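> Before anything else, here's the structure in question.
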């Protein structure tokens with residue numbers, strides 16, 4: 001019998017029951033919540049007079065609507081304020097393991113603060129009403145986004161109704177060049193398999209280039225699994241995982257720690273495990289990536305040129321290219337390095353961790369943002385990240401370069417708060433989605449790494465960051 | 001949840017791939033703490049010429065004449081016909097809420113994004129995966145027709161074209177049962193409460209630190 005994959009082990013250790021058609025009831029260990037996708041679920045609980053099955057599984061935070069400046073003014077938009085206050089009231093009524101309300105010193109993006117506090121551990125199942133829950137797979141955790149009806153289902157029953165996914169291995173061997181990051185790996189994978197390439201799969205990322213990434217880098221890679229269509233991304237836990245988790249607030253302690261570490265060592269895919277699909281990339285072939293269109297799969301290396309629809313024979317694809325070019329205000333065949341940016345956003349659950357900010361600061365140090373760039377926002381992922389960055393003097397580097405240093409939150413990744421693009425504005429962004437209107441109606445988003453974003457802020461257009469070291 | 005059994009419905013063709021949930025319902029409408037009222041804002045940035053905000057009266061907003069859903073022949077459409085990877089991106093259940101709120105009951109596409117696909121069933125919406133050949137044909141015919149109707153039968157798992165030809169579709173027995181009967185899944189799952197509790201007890205012995 002063939003060995004088991006990491007995903008098989010996580011799945012099998014959480015099956016409560018299975019029906020003849022393969023539909024399973026899966027036990028959920030950790031339930032992450034934020035203000036946007038939870039109010040209707042709590043309302044449903046209230047109407048049915050139900051209580052949470054296990055309130056100590058809940059970790060909650062207000063992150064999507066919160067402002068990133070002038071916290072003394074509170075949340076000025078009434079409808080946004082009501083949503084955040086509704087979460088406050090719901091947590092007060094129903095309970096949680098821990099809650100980080102607006103203005104809490106450790107408040108930040110749910111996918112940054114969960115791991116920071118040791119509430120995401122290898123071997124767990126983790127869900128959240130948020131598609132970027134795939135981030136937590138970096139710890140050898142089965143983690144994925146769910147809808148609000150499922151949020152209510154998990155609240156009431158501690159389980160999800162699910163069918164097992166197929167298994168894909170994305171293997172990246174070799175060494176990344178300087179200036180080539182976890183973000184570039186993820187975008188290159190999406191460019192290869194497409195935004196639907198991972199649909200129906202749980203993707204395990206493996207190979208020497210993945211193992212050499214820090215935990216922050218691994219979170220970036222798994223975060224973007226959903227942009228390849230896979231609900232869950234996974235990376236086997238190893239000594240970096242345990243080193244990251246040791247001593248964190250909710251990490252196991254004492255004897256429990258030793259038992260946990262032994263258990264985690266059993267999780268990686270067996271040597272003879274088989275996958276339903278395998279994709280291989282060579283790290284040396286990956287260059288700094290820039291998306292040019294309105295889907296993350298519309299991505300190019302920094303040396304590339306914007307595609308020409310005339311060379312596409314498939315009429316549906318050609319129409320898609322033409323629509324994206326028109327929306328993005330780009331000309332066919334233009335070099336990526338000719339694309340000028342109006343704004344730069346460094347932040348989001350993809351790239352707002354300390355390592356990301358260090359990388360951006362490394363490029364910005366001693367430089368000035370280009371006069372043609374209207375605004376550069378640097379939004380740390382959490383209060384902890386912010387304090388660490390300030391202790392290292394990164395905030396001073398940013399402000400000296402003309403960048404704005406903000407309070408933590410989701411910010412301009414999806415522009416639910418006041419941070420947004422105006423129509424026609426073009427942004428180099430370290431976030432995860434370049435969909436039409438994502439960063440503001442009519443806004444134009446190019447997804448890049450923190451290094452590439454900082455370099456674009458300085459030059460006023462995209463540049464090959466590898467030439468700056 | 002409301003049930004779905006059978007529908008002969010007018011088709012609206014949305015001839016583009018990778019329609020994401022940000023396009024289905026833009027982020028500003030996610031600030032609502034309610035589960036209803038999203039229908040008027042479905043495809044907001046494509047459907048209207050002005051910028052939409054929550055609680056706006058959509059009856060007086062300028063419609064985008066280039067967006068086909070605004071054409072008289074598609075009014076009262078109940079079946080949404082789309083291309084590959086429909087519903088990709090954000091997990092927001094506001095997307096099926098907006099589609100259902102508008103009046104659609106069925107979505108037919110060659111492929112769907114996983115989270116969106118699952119969210120549909122929780123809201124009495126039936127997502128149907130059809131072959132690319134049938135999709136091409138139905139798109140072409142519905143774009144050329146003044147009123148193009150399809151007959152969807154969940155019990156038989158068939159979609160019947162105006163010509164009388166039909167094709168079958170897959171659905172898990174569990175989902176079919178819930179949709180046909182409009183069942184509350186939470187209530188059903190809670191009938192397995194003892195199984196959940198005994199799993200929890202076993203789980204605690206394997207990974208006790210998860211319960212510390």
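> Just one of the numbered conditions (1) under 18 Å from the mean Cα position of the chain (by Cα); (2) in a helix (DSSP H, G or I) is not true of residue B:140; which one?
Among (1) under 18 Å from the mean Cα position of the chain (by Cα); (2) in a helix (DSSP H, G or I), the lone unmet condition for residue B:140 is (1).
> Filter the stretch B:150-178 for residues that are part of a loop (DSSP other than H, G, I, E, B), within 14 Å of chain A (Cβ to nearest Cβ) and crowded, with 16+ Cβ neighbours inside 10 Å and give the result. Steps first, please.
First, pick out the residues of the stretch B:150-178 that are part of a loop (DSSP other than H, G, I, E, B): B:154-157, B:161-165, B:169-172.
If we keep only those that are within 14 Å of chain A (Cβ to nearest Cβ) as well, we get B:157, B:170-172.
B:171 - this is the single residue of the stretch B:150-178 that is part of a loop (DSSP other than H, G, I, E, B), within 14 Å of chain A (Cβ to nearest Cβ) and crowded, with 16+ Cβ neighbours inside 10 Å.
> Can you list the strands (runs of 3 or more DSSP E) lying wholly within the stretch A:372-451 that have 1 or more residues being within 12 Å of chain B (Cβ to nearest Cβ)? Give the steps one after another, and end with the answer.
On the way: elements: A:375-378, A:426-429, A:444-447.
It comes to A:444-447.
> Say whether the condition of being in contact with a helix residue (DSSP H, G or I) (Cβ under 8 Å, 6 or more places away or on another chain) and surrounded by 23 or more Cβ atoms within 10 Å (Cβ to Cβ) is met by at least one residue in the stretch A:330-342.
Narrowing the stretch A:330-342 to residues in contact with a helix residue (DSSP H, G or I) (Cβ under 8 Å, 6 or more places away or on another chain): A:331-332, A:341.
Checking the rest, the ones that are also surrounded by 23 or more Cβ atoms within 10 Å (Cβ to Cβ) come to A:341.
Checking the stretch A:330-342: at least one residue is in contact with a helix residue (DSSP H, G or I) (Cβ under 8 Å, 6 or more places away or on another chain) and surrounded by 23 or more Cβ atoms within 10 Å (Cβ to Cβ).
> Report yes if residue B:16 is surrounded by fewer than 21 Cβ atoms within 10 Å (Cβ to Cβ), within 11 Å of chain A (Cβ to nearest Cβ) and farther than 21 Å from residue A:65 by Cβ, otherwise no.
Details: surrounded by fewer than 21 Cβ atoms within 10 Å (Cβ to Cβ): yes; within 11 Å of chain A (Cβ to nearest Cβ): yes; farther than 21 Å from residue A:65 by Cβ: yes.
For residue B:16, the condition - surrounded by fewer than 21 Cβ atoms within 10 Å (Cβ to Cβ), within 11 Å of chain A (Cβ to nearest Cβ) and farther than 21 Å from residue A:65 by Cβ - is met.
> Could you tell me which numbered condition residue A:16 fails, if it satisfies all but one of (1) facing another protein chain (nearest Cβ under 9 Å); (2) under 30 Å from residue A:404 (Cβ atoms); (3) over 26 Å from the mean Cα position of the chain (by Cα)?
Going through (1) facing another protein chain (nearest Cβ under 9 Å); (2) under 30 Å from residue A:404 (Cβ atoms); (3) over 26 Å from the mean Cα position of the chain (by Cα) one by one, residue A:16 breaks only (2).
> Out of A:390, A:425, which single residue is without any contact (Cβ under 8 Å) to a residue 24 or more places away in the chain and over 26 Å from residue A:466 (Cβ atoms)? Give the derivation first.
Working: A:425 fails: without any contact (Cβ under 8 Å) to a residue 24 or more places away in the chain.
Step by step, each of A:390, A:425 is checked, and only A:390 is without any contact (Cβ under 8 Å) to a residue 24 or more places away in the chain and over 26 Å from residue A:466 (Cβ atoms).
> Here is a list: A:64, A:117, A:111. Which entry is surrounded by fewer than 24 Cβ atoms within 10 Å (Cβ to Cβ), modelled with pLDDT of 95 or more and under 21 Å from residue A:408 (Cα atoms)?
Numbers: A:64 fails: surrounded by fewer than 24 Cβ atoms within 10 Å (Cβ to Cβ); A:111 fails: surrounded by fewer than 24 Cβ atoms within 10 Å (Cβ to Cβ).
Answer to the selection: A:117.
> Continuing with this model, one more query. When residues of the stretch B:30-46 are filtered for being under 13 Å from residue A:441 (Cα atoms) and either within 10 Å of another protein chain (Cβ to nearest Cβ) or in contact with a helix residue (DSSP H, G or I) (Cβ under 6 Å, 6 or more places away or on another chain) (or both), how many remain?
Of the residues in that region, 3 qualify.
> Restricting to the stretch B:81-115, name every residue that is in a helix (DSSP H, G or I), at the interface with chain A (Cβ under 10 Å from one of its Cβ atoms) and either touching a residue at least 24 places away in the same chain (Cβ under 8 Å) or within 11 Å of the chain's Cα centre (by Cα) (or both).
Our first condition is that a residue be in a helix (DSSP H, G or I); within the stretch B:81-115, this holds for B:94-102, B:114-115.
Next, only the ones that are at the interface with chain A (Cβ under 10 Å from one of its Cβ atoms) stay: B:94-97, B:114-115.
Answer for the stretch B:81-115, where residues must be in a helix (DSSP H, G or I), at the interface with chain A (Cβ under 10 Å from one of its Cβ atoms) and either touching a residue at least 24 places away in the same chain (Cβ under 8 Å) or within 11 Å of the chain's Cα centre (by Cα) (or both): B:94, B:95, B:96, B:97, B:115.
> Just to verify a result, which residue in the stretch A:128-152, among those that are over 14 Å from the mean Cα position of the chain (by Cα) and outside any helix (DSSP H, G or I), is nearest to the other protein chains (Cβ to nearest Cβ)? Lay out the reasoning, then the answer.
The first filter runs over the stretch A:128-152 and keeps only residues over 14 Å from the mean Cα position of the chain (by Cα), leaving A:140-142, A:146-152.
From what is left, the residues that are outside any helix (DSSP H, G or I) are A:140-142, A:146-147.
Working: A:140: 13, A:141: 11, A:142: 13, A:146: 6, A:147: 4 Å.
Here the answer is A:147.
> Select, from A:80, A:89, the only residue that is under 24 Å from residue B:92 (Cβ atoms), within 12 Å of chain B (Cβ to nearest Cβ), under 24 Å from the mean Cα position of the chain (by Cα) and modelled with pLDDT of 95 or more. Write out each step before concluding.
Working: A:89 fails: under 24 Å from the mean Cα position of the chain (by Cα).
Result of the check over A:80, A:89: A:80.
> Checking residue A:12 against (1) within 28 Å of residue B:201 (Cβ to Cβ); (2) in contact with a helix residue (DSSP H, G or I) (Cβ under 9 Å, 6 or more places away or on another chain), which single condition isn't satisfied?
Condition (2) is where residue A:12 drops out.
> Against the definition (more than 18 Å from residue B:35 (Cβ to Cβ), within 12 Å of another protein chain (Cβ to nearest Cβ), touching a residue at least 24 places away in the same chain (Cβ under 8 Å) and buried (at least 21 other Cβ atoms within 10 Å of the Cβ)), how does residue A:26 come out, yes or no? I'd like the intermediate steps shown before the answer.
On the way: more than 18 Å from residue B:35 (Cβ to Cβ): yes; within 12 Å of another protein chain (Cβ to nearest Cβ): yes; touching a residue at least 24 places away in the same chain (Cβ under 8 Å): yes; buried (at least 21 other Cβ atoms within 10 Å of the Cβ): yes.
Here the answer is yes, as residue A:26 does meet what is asked.
Per-residue answers, yes or no, for (1) farther than 24 Å from residue B:95 by Cβ; (2) more than 8 Å from every other protein chain (Cβ to nearest Cβ); (3) out of contact with any strand residue (DSSP E or B) (no Cβ under 9 Å at 6 or more places or on another chain):
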position	(1), (2), (3)
B:117	no, yes, no
B:122	no, no, yes
B:125	no, yes, no
B:137	yes, yes, yes
B:147	yes, yes, no
B:180	no, yes, yes
B:204	yes, yes, yes
B:207	yes, no, yes
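The values are calculated or read from the model by the stated rules, or taken from the named source; none is laboratory data. Bear in mind the structure is a predicted one, so any value in this text is a computation, not a measurement. With ideal geometry, Cβ positions are generated from the backbone for all residues, glycine too; neighbour counts draw on all protein chains shown.
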